[in-house]
Amino acid sequence: MKVSNMEKSKDLERGLGQRHIEMIAIGGCIGTGLFMGSGKAISLAGPGILFIYALTGFILYFVMRAMGELLLYNLEYKSFVDFAEDILGPTAGFFVGWSYWFVWIVAAIAEIIAISGYISFWLPNLPHWISAVCIILLLLTLNLLTVKAFGELEFWMAIIKVVAIVGLILLGLYLCVTGFVSPTGIQAKVSNLWSYGGFMPHGVTGLLAGLQMTIFAFAGMEIIGTMMAETRNPKVMLPDAIHKIPMRIMIFYVGTILVLMMVTPWTDISPDESPFVGMFSLIGMVSAASIVNLVVISSATSSSNSGIYATSRMLYGLAKQHHAPAVFGRLSSHKIPSGGIFLGTGLILSAALILTNTQSMMSAFELVGSVAAIIFIFIWSMILIAYLVYCKRLPQAHDESEFKMPLSKTMPYVSFAFFAIVIYALSLSEDTRIALYALPIWFLVLGLIYFFKTRNNPYHQKFVEQFSEKVIAQNAAAEEYRARAR
């Protein structure tokens, strides 16, 4: 059937190229979790935090591989919410979609809180709410542009992150090789990694304590799964972006933290500020500290920008599935879901204004980051559950996949065990335990909305009937396929 021009204009524009996808993927998961939260993580776990960063990245790589295989199984999927709904049912799609929207709102609030703290490095007397309002207005403007313009801007902001991190690593290695001694008498050397209480000064307890900030640092990696509808060639772009995840983890997370603790002993790293800015201040390079602070601000702004992008597209998809008001499913003349953008920035602004006026910026950041970390764990777990059901119900599609998840029979369960350890770790601290109490409240609110609104929607009832029929047919086909394979 021929599609009219008017119908085409109602679709999201495929304006994102390969370089946009790669850099937005980097931009989404390199923000305050690394630049600010790493200071707290290091103070809790010491040099052993390197192991936690590497392990978390290893686990999440397999989560991304599962997501990639599912998205490429059906190119009609616009995000992982689509395959959650198609494979697990409409209830799963509703909970995953709204949870992902909510978690990026929470994550963006954390980024704005951190940005306000960074700006106080230069303007200590400037009220935090002023800087928060200015940044959010900037983000609103950026997101109302065409997706191609958004991708271009995000590309260059992410480039700044990459160049800065590579520069930090090279400078740190240079200081170690030359044996640089700071004004406080600290020499940059590799042995700083174990000379201050050992590699794991706080033992396993310290490693568990550092998990929350580490999870939040990696949050956003799955954002590439929300871009399927706006990429030019998803069959090529998505696998390429996922294949590069291990290299990025080793460079951007393990590499930077490794060099940081070689130049600055972990005992001298403040948990209440960016360790990257603090490192240059400690060694007497104040001008370099200002440059790094600028980079950190642009990095957090970029990550917030990616968050608003993700929430608006997620809300657009929910509206198309009749899980959200229809107004959020409309596009502007630039083919942008502006309704979702205005709602997201409004919520971020209201919450950030409250939290940036608290006495402890780091306490607010840690609380918000803990809530985000728990919900991201839920999202990643749902991706894996959908993957396991897909393998069972659609074995032929799994066997014939060109982007099959490695170790598909074991890694989902290893990942679940790791996530359970993270939840246990969050329960050990009073500060992060509050976030665990917030999660049931969120699901209760979603459940009530779903029960009283969505389930009575005629579209929803029809979808449930079709889904049940589809599951029966798929199970029968799966049994037949396995019988032929025996």
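Details
- Zero-based 5 Å bins, Cα pair distances in the range 33-77, whole percents: 5, 19, 18, 15, 12, 10, 9, 7, 4, 0
- Of all accessible heavy-atom area on the range 34-162, the percent that carbon and sulfur account for (1.4 Å): 74 percent
- In this rough spin-label picture, where each label sits 7 Å from Cα along the Cβ direction, the Asn233-Met247 distance is 1.8 nm.
- The range 178-273 pair-distance distribution - Cα-Cα, 5 Å bins, rounded %: 2, 10, 14, 18, 16, 11, 9, 8, 6, 4, 1
- Across the range 428-442, coupling constants 3J(HN,Hα) worked out from phi with the 6.51/-1.76/1.60 Karplus curve, θ = phi - 60°, read 7, 9, 5, 5, 8, 5, 4, 5, 5, 6, 6, 4, x, 5, 4 Hz, and Gly and Pro carry x.
- Placing R0 at 22 angstrom, the Cβ-Cβ distance between Val327 and Val464 gives a FRET efficiency of 0.35 after rounding to 0.05.
- Rounded Å value of the spacing that divides the Cα centres of the range 418-473 and the range 377-402: 19 Å
- Residue pairs exceeding 27 angstrom between C-alpha atoms, taken from Lys40/Lys404; Lys404/Lys453; Lys78/Lys453; Lys392/Lys462; Lys320/Lys470: Lys40/Lys404; Lys404/Lys453.
- Apportionment of accessible area to carbon and sulfur, the range 379-486, percent (1.4 Å): 63 percent
The values are calculated or read from the model by the stated rules, or taken from the named source; none is laboratory data. Note that the structure is a prediction, hence the values are computed from the model and not measured. Every residue, glycine among them, receives a Cβ derived from its backbone with ideal geometry; neighbour counts consider all protein chains shown. Accessible surface areas use protein heavy atoms only, side chains included; no ligands, DNA or RNA. Shrake-Rupley method; radii C 1.70, N 1.55, O 1.52, S 1.80 Å.
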